[in-house]
Amino acid sequence: MKVWLSFLLAAVCGGTRYVRHSVHQKGFRTLQQEKSNLRWPSSSAIAVEFFVMSKCPDAKLCEETFLPVLQDLTELVTVNFTYIADVTREEPASVRCMHGPEECMGNSQRLCVQRAGNATDLRFAKCQDSGTIPGNGKACAVAAGFTAAELEDLEACWSGALGQALLRESAKRASALSVTTSCTLQVGNKDFCIHDGGWRNCGSCGSDKAACLKAKVCELSGHARKSELCA
C-alpha cells in the first residue's frame, strides 16, 4: 500500500525562508532508490555532498570555500550536488526553484554534468560559480573538457525531460532528508557545516573552514595515498 504524506517545508537561502509544499511517498519506493542517479563512493572514498540552490549566494560562497580543497583531494572523495527545490503535487510533477526558472536550469545543468562526468571533476562547478548561471553552462562544459559530441548530449539533457527528471529526483532527496538550507555540506553522510548568511553548525572548525574540511576528510579516509595527499 502506498501512503502519501504532504507537509510544508521552508527552504532557506541567505536567511530568506521560502515555504514549499513537499510530497513524499511511503511504501515500496525507498530513499535508496532516490539515490540511484548519484555517484556513491567506493569503500575507500569519502562521500561529500553539497545541498544547495545554484543561484543562492550562500551556495556560491560555500562552494568557493570548499571546492578548491576538494579538488586537491579528488582521490579521497566522491562529491555530489543535491538541489533544494519544490516538487509539485500534480501529475506530471514539476519543479519550482526559490530563485526562479533560471535557477532550475542551473541546477539541471550541473546535475547533467554530474551524471555524465568524472565523479571527481569539479571544474564545471567552479566555472559555473564564477559567472552568470545558467548563461555560462555551455562555456563551462567546454572549460571542463567535454567534447563537442558530449556537449551536444549535455545540452539535450539539461534542456529536456532528462534534466527535469534529474532535478525532481535531486529535490526529492533533499526533502526526504529534511535538508532545507542552502548551503548544507555533509561529509560521510553527516552534517559538517552550514552557511546561511554566516557559518553555523561547523563543530570545532575555526576561521579556516577549508582546512577543517581537509582535516575531516583525512581523518575519515582509509586511502592508500592518504599520508601523501593529506601532508
Q.
Being in contact with a helix residue (DSSP H, G or I) (Cβ under 9 Å, 6 or more places away or on another chain) and at pLDDT 95 or above is the filter here; which residues of region 20-60 pass it?
A. ILE46, VAL48, PHE50, PHE51, VAL52, MET53, SER54, LYS55, CYS56, ALA59, LYS60
Q. Say we look at region 105-155 and pick out the residues that are under 23 Å from ASP72 (Cβ atoms), in contact with a Leu (Cβ under 7 Å, 6 or more places away or on another chain) and not aliphatic (A, V, I, L, M); which of these is modelled with the lowest pLDDT?
A. PHE146
**Q.** Positions within region 180-215 being under 16 Å from PRO57 (Cβ atoms) and of a type in the set (Asp, Glu), in sequence order
**A.** ASP196
Q.
Report every pair of residues separated by at least 6 positions or lying on different chains whose Cβ atoms are under 8 Å apart, first residue within region 46-70 and under 13 Å from ALA125 (Cα atoms) and of a type in the set (Val, Ile, Thr), second modelled with pLDDT of 95 or more and assigned to a loop (DSSP other than H, G, I, E, B).
A. VAL52/ILE84; VAL52/CYS183
Q | Residue check for ALA224: in contact with a Pro (Cβ under 8 Å, 6 or more places away or on another chain) and not in a strand (DSSP E or B) | A | no
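The values are calculated or read from the model by the stated rules, or taken from the named source; none is laboratory data. A quick note: this is a predicted structure, and the numbers were derived from the prediction, not measured. Ideal geometry is used to build each Cβ from the backbone, glycine not excepted, and the neighbour counts take in all protein chains shown.
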